Amino acid sequence: MPKLIIDNREIEVPAGITLIQACGLAGVEIPRFCYHERLSIAGNCRMCLVEVAGMPKPVASCAMGVSDLRPGRDGTPPTIITNSERVKKAREGVLEFLLVNHPLDCPICDQGGECDLQDQTMAYGFDAGRFQDNKRAVEDKYLGPLIDTFMNRCIHCTRCIRFMTEVAGVEELGAIGRGEDMEITTYLEHGMMSELSGNVVDLCPVGALTSKPYAFVARPWELTKTPSIDVMDALGSNIRVDARGREVLRILPRENDAINEEWISDKTRHVWDGLRLQRLDQPYVRRHGRLEPTSWGDALAIVAEGLRGLDGGKFAAIAGDLQAAEEMFALKCLAEQLGSPHIDCRQDGAKLDPALGRATYLFNATIKGIEQADAILIIGTNPRLEAAVLNARIRERWRQMQGRIPIGLIGEKADLTYAYDYLGAGPETLAKIAAGSHPFLERAAGAERPLVIIGQAALARPDGAGVLALAAKAAVALAAVKPGWNGFSVLHTAASRVAGLDLGLVPGEGGRDVDSILDGASNGEIEIVYLLGADEIEMERLGQAFVIYQGNHGDRGAHRADVILPGAAYTEKDALYVNTEGRPQMTARAVFPPGEAREDWKILRALSAKLGRPLPFDSTAELRAKMFEACPELALLDTIVPADAGAIERLAASGGKTGKDRFGTGIADFYLTNAIARSSPLMAALSALHAGAKAQATGTHG
């Protein structure tokens, strides 16, 4: 490892890193505007200048590598000085030039209090400028409903351009003009179409790009900041929920290299306005065809009266896609008390079964493991829509290997932001790979860590079990399952799905799955259906069944319900979620539920008490103790317990029939996938924007 002397301190650093990274390892902070660890080096701002012994002038530490330096003539290691008078004057000069054209509108700027330029001017600048020139004026640009622009503030760091090009993979931003006339623009002045576009607001160091929905809503010091977990997809992205009083005002990413790095999708970031609209804030009971508000006592008494004495075979329960492990465990306990085997957490009908082994429904390679994959087969999924941040990981790997990684897609064609081979549309193509007779196997022949990603569109169909077995067989054919590497990976779209499968929320012996529950309700065999946040089913198939809906938004389930029990959203409770790779994580309560709404497990506990058979826990701690006893993996927070890969080999050997239908799409509209998103006016605007752009692109608009 190379040795350096940084500010009179000798350290060893890894070969190949830059000086700015080496200084960071030495505990020396180097100011920067254009440099970002996850983006390519631009060297635009010159704020990171340091002095290197033997060089005639200060150098940009972001653009010079440790390997570029040579020892002194006497053999001493290269010497870097970051705090000399020369460096101090260089930094003051850079900031003086930047402030020549900056409008200095800190009191009204939405970036105030979180502005890199503001902070670094205070730390490294000085209190007077020598220039009396007029400031330049730049016309603001339209970038869509998410991003507000104040281009007079722009310092041309190009972080936004590099992010959109390199990480998001959508070349929508660029620069025109040169020098003082340079402008950042989308060229044609249209809204940005990337699902990750909101991240440029976090990257902008000066407030030229700010959040349009959050503009002039609050100052950062007014907000209570709560670390939490996102549930808009199954990745479990780490987020920070900022709230004032009882209202969530914005959601920002938290850094976690193992999951989302420091990016989140636009839906994760901006769904907060849906958290306060169309909320269920008190119990309702349907009387004479109309839902009427009632008290908790009356609502629970009506439900208990219907359940008391009911044959367990006539009761069924369905858990939704946003539910936490605690309430699903409580629901399962209640169903067991009632003697019902009819329970299911697979709203979409995905043919996943915990009896086959945990490895058959996890993203076994792990999200970070994508960085090691050297061949990728994507089956029945569009990761750009189903897991936008994970798709950025695949693109990052594709760029690392300079496009030479073989990537194959079976399913609907889509723009995934990286090149791939389109192999086919349905099970026939998958069968050829499983049989070892497809040309893709030749392309992937030298791969040491092949990755097979199977999505819900391939599993949520009548022949889903056969497709799953065929995918396992294809993984074995690609040598994706071997000691030290398990590349068979199921990409979920529902935040609750893995925890539900871990806890066994699937039909028991003689039990019905979701489709069969709906059939039973329509023909009268199922008399009472309990919907725990389940909004994505065909409500018209519930027939004359008595429907209890427990949830937080007045969505499809609430419209059909006979009794509504208002629950808490994910920002309103301390709850456990398990992401697609099997990693348990905990949300934290940022605000309290509105009105009379309660935490979901407490509602189920109160209902069991009304029935005279209280569930065996009275507190969150007691519930979790019982839950961890039933499923020990859930107790290991932020830890992935590798599943037995032998289950995949057994699944591959089991076989199964498949149809000839093409794989469809797991998500019809990225912005309207759940009750919270459908309550958000901003998500509706984004959905309309993308639908209009798609119609224009395909020529189907009127």
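The values are calculated or read from the model by the stated rules, or taken from the named source; none is laboratory data. For clarity, every value in this text was computed on a predicted model and none was experimentally measured. Neighbour counts run over all protein chains shown; Cβ positions are idealised from the backbone, glycine included. Areas reflect the complete protein model, heavy atoms only, side chains present, ligands, DNA and RNA absent. Shrake-Rupley method; radii C 1.70, N 1.55, O 1.52, S 1.80 Å.
All but one of (1) open to solvent by 20 Å² or more (accessible area, probe 1.4 Å); (2) within 30 Å of Leu505 (Cα to Cα); (3) in contact with a strand residue (DSSP E or B) (Cβ under 9 Å, 6 or more places away or on another chain); (4) not aliphatic (A, V, I, L, M) hold for Gly380; state the number of the condition that does not hold.
(1)
Looking for something of a type in the set (D, E, K, R), touching a strand residue (DSSP E or B) at 6+ places or on another chain (Cβ under 7 Å), farther than 21 Å from Gly646 by Cβ and touching a residue at least 12 places away in the same chain (Cβ under 8 Å) - is there at least one such residue anywhere in the range 454-465? If you could, list the steps in order and put the result at the bottom.
Restricting attention to the range 454-465, the residues satisfying the condition of being of a type in the set (D, E, K, R) are 461, 463.
Among the residues that remain, those that are also touching a strand residue (DSSP E or B) at 6+ places or on another chain (Cβ under 7 Å) are: none.
Checking the range 454-465: not a single residue is of a type in the set (D, E, K, R), touching a strand residue (DSSP E or B) at 6+ places or on another chain (Cβ under 7 Å), farther than 21 Å from Gly646 by Cβ and touching a residue at least 12 places away in the same chain (Cβ under 8 Å).
Only one of these conditions is not met by Ile184: (1) in contact (Cβ under 8 Å) with a residue 12 or more places away in the chain; (2) farther than 23 Å from Thr673 by Cβ; (3) not in a strand (DSSP E or B). Which number is it?
(3)
In the range 198-209, which residue that is open to solvent by less than 10 Å² (accessible area, probe 1.4 Å) and under 21 Å from the mean Cα position of the chain (by Cα) is nearest to Arg38 (Cα to Cα)?
Only one residue tops the list, namely Leu203.
Where residues in the range 345-369 are more than 16 Å from His492 (Cα to Cα) and either of a type in the set (A, V, I, L, M) or in contact with a strand residue (DSSP E or B) (Cβ under 6 Å, 6 or more places away or on another chain) (or both), which of them is surrounded by the fewest Cβ atoms within 10 Å (Cβ to Cβ)?
Ala355
How many residues are more than 18 Å from Leu682 (Cβ to Cβ), among the hydrophobic types (A, V, I, L, M, F, W, C) and buried (at least 22 other Cβ atoms within 10 Å of the Cβ) if we restrict to the range 248-276? First the steps, then the outcome.
Step one: list which residues in the range 248-276 are more than 18 Å from Leu682 (Cβ to Cβ), which gives 254-263.
Right, trim to among the hydrophobic types (A, V, I, L, M, F, W, C) and you get 258-259, 263.
So of that shortlist, the ones also buried (at least 22 other Cβ atoms within 10 Å of the Cβ) come out as 259, 263.
Count: 2.
Testing Ser522 on (1) small (Gly, Ala, Ser); (2) touching a Gly at 6+ places or on another chain (Cβ under 6 Å); (3) surrounded by 22 or more Cβ atoms within 10 Å (Cβ to Cβ), one condition comes back false. Which one is that?
(3)
Please tell me if Glu536 is open to solvent by 10 Å² or more (accessible area, probe 1.4 Å), without any contact (Cβ under 8 Å) to a residue 12 or more places away in the chain and of a type in the set (Asp, Glu).
Details: open to solvent by 10 Å² or more (accessible area, probe 1.4 Å): yes; without any contact (Cβ under 8 Å) to a residue 12 or more places away in the chain: no; of a type in the set (Asp, Glu): yes.
No.
Quickly run through the range 60-93 and pick out the residues that are among the β-branched types (Val, Ile, Thr), outside any loop (DSSP other than H, G, I, E, B) and open to solvent by 20 Å² or more (accessible area, probe 1.4 Å).
Within the range 60-93, Thr79, Ile81 meet the criteria.
Only one residue in Val241, Val231 is modelled with pLDDT of 95 or more, closer than 26 Å to Val498 by Cβ, part of a strand (DSSP E or B) and open to solvent by less than 10 Å² (accessible area, probe 1.4 Å). Which one?
Details: Val231 fails: part of a strand (DSSP E or B).
After ruling out the rest, the residue left standing is Val241.
Residue check, Pro593 against (1) open to solvent by 50 Å² or more (accessible area, probe 1.4 Å); (2) at pLDDT 95 or above, all met but one. Which one?
Only one criterion is unmet by Pro593, namely (1).
So which residues in the range 616-636 are open to solvent by 60 Å² or more (accessible area, probe 1.4 Å) and either in contact (Cβ under 8 Å) with a residue 60 or more places away in the chain or touching a Cys at 6+ places or on another chain (Cβ under 7 Å) (or both), if there are any at all?
Pro616, Lys626, Ala630
Table: residues versus (1) touching a Pro at 6+ places or on another chain (Cβ under 8 Å); (2) closer than 17 Å to Gly533 by Cα; (3) surrounded by fewer than 21 Cβ atoms within 10 Å (Cβ to Cβ).
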{"position": "Tyr577", "(1), (2), (3)": "yes, yes, no"}
{"position": "Asp644", "(1), (2), (3)": "no, no, yes"}
{"position": "Thr658", "(1), (2), (3)": "yes, no, no"}
{"position": "Arg662", "(1), (2), (3)": "no, no, yes"}
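If Asp148 satisfies every condition in (1) surrounded by 20 or more Cβ atoms within 10 Å (Cβ to Cβ); (2) in a loop (DSSP other than H, G, I, E, B); (3) acidic (Asp, Glu) but one, which is the exception?
Among (1) surrounded by 20 or more Cβ atoms within 10 Å (Cβ to Cβ); (2) in a loop (DSSP other than H, G, I, E, B); (3) acidic (Asp, Glu), the lone unmet condition for Asp148 is (2).
Identify, by number, the condition in (1) open to solvent by less than 10 Å² (accessible area, probe 1.4 Å); (2) closer than 30 Å to Val563 by Cβ that Val490 doesn't meet.
(2)
From the list Ala568, Ala609, which one is modelled with pLDDT of 95 or more and either in contact with a Lys or Arg (Cβ under 6 Å, 6 or more places away or on another chain) or open to solvent by less than 10 Å² (accessible area, probe 1.4 Å) (or both)?
None of the other options fit; the residue is Ala568.
Kindly indicate whether Ser40 is more than 20 Å from Gln120 (Cβ to Cβ) and assigned to a loop (DSSP other than H, G, I, E, B).
yes
Quick check on my filter: what residues within the range 320-361 are within 20 Å of the chain's Cα centre (by Cα) and among the aromatic types (Phe, Trp, Tyr)?
Result: Tyr361, single match.
Which of the residues that make up the range 460-478 are over 26 Å from the mean Cα position of the chain (by Cα) and not in a helix (DSSP H, G or I)?
Pro462, Asp463, Leu478
Looking at Gln118, Gln111, which one is of a type in the set (S, T, N, Q) and not in a helix (DSSP H, G or I)?
Gln111
What single numbered condition from (1) surrounded by fewer than 17 Cβ atoms within 10 Å (Cβ to Cβ); (2) of a type in the set (A, V, I, L, M); (3) more than 30 Å from Met151 (Cβ to Cβ) fails to hold for Leu104?
(3)
Hey, can you tell me all the residues within the range 400-413 that are assigned to a loop (DSSP other than H, G, I, E, B) and within 23 Å of Ile259 (Cβ to Cβ)?
Residues satisfying the conditions are Met401, Ile405.
Would you point out the residue of the range 15-30, among those that are part of a loop (DSSP other than H, G, I, E, B), surrounded by 11 or more Cβ atoms within 10 Å (Cβ to Cβ) and in contact (Cβ under 8 Å) with a residue 24 or more places away in the chain, that is farthest from the chain's Cα centre (by Cα)?
Val28
Kindly indicate which of Leu188, Leu173 is in contact with a strand residue (DSSP E or B) (Cβ under 9 Å, 6 or more places away or on another chain) and modelled with pLDDT under 95.
Leu173
If we keep just the residues of the range 157-193 that are basic (Lys, Arg) and under 19 Å from Val206 (Cβ atoms), which is surrounded by the most Cβ atoms within 10 Å (Cβ to Cβ)?
Checked the range 157-193; the qualifying residue surrounded by the most Cβ atoms within 10 Å (Cβ to Cβ) is Arg159.
Looking only at the range 429-459, count every residue that is within 23 Å of Gly357 (Cα to Cα), open to solvent by less than 30 Å² (accessible area, probe 1.4 Å) and outside any helix (DSSP H, G or I) and tell me the total.
6
Of Gly543, Gly508, which residue is open to solvent by 10 Å² or more (accessible area, probe 1.4 Å) and either under 19 Å from Leu322 (Cβ atoms) or without any contact (Cβ under 8 Å) to a residue 60 or more places away in the chain (or both)?
On the way: Gly508 fails: either under 19 Å from Leu322 (Cβ atoms) or without any contact (Cβ under 8 Å) to a residue 60 or more places away in the chain (or both).
Residue meeting the stated conditions: Gly543.
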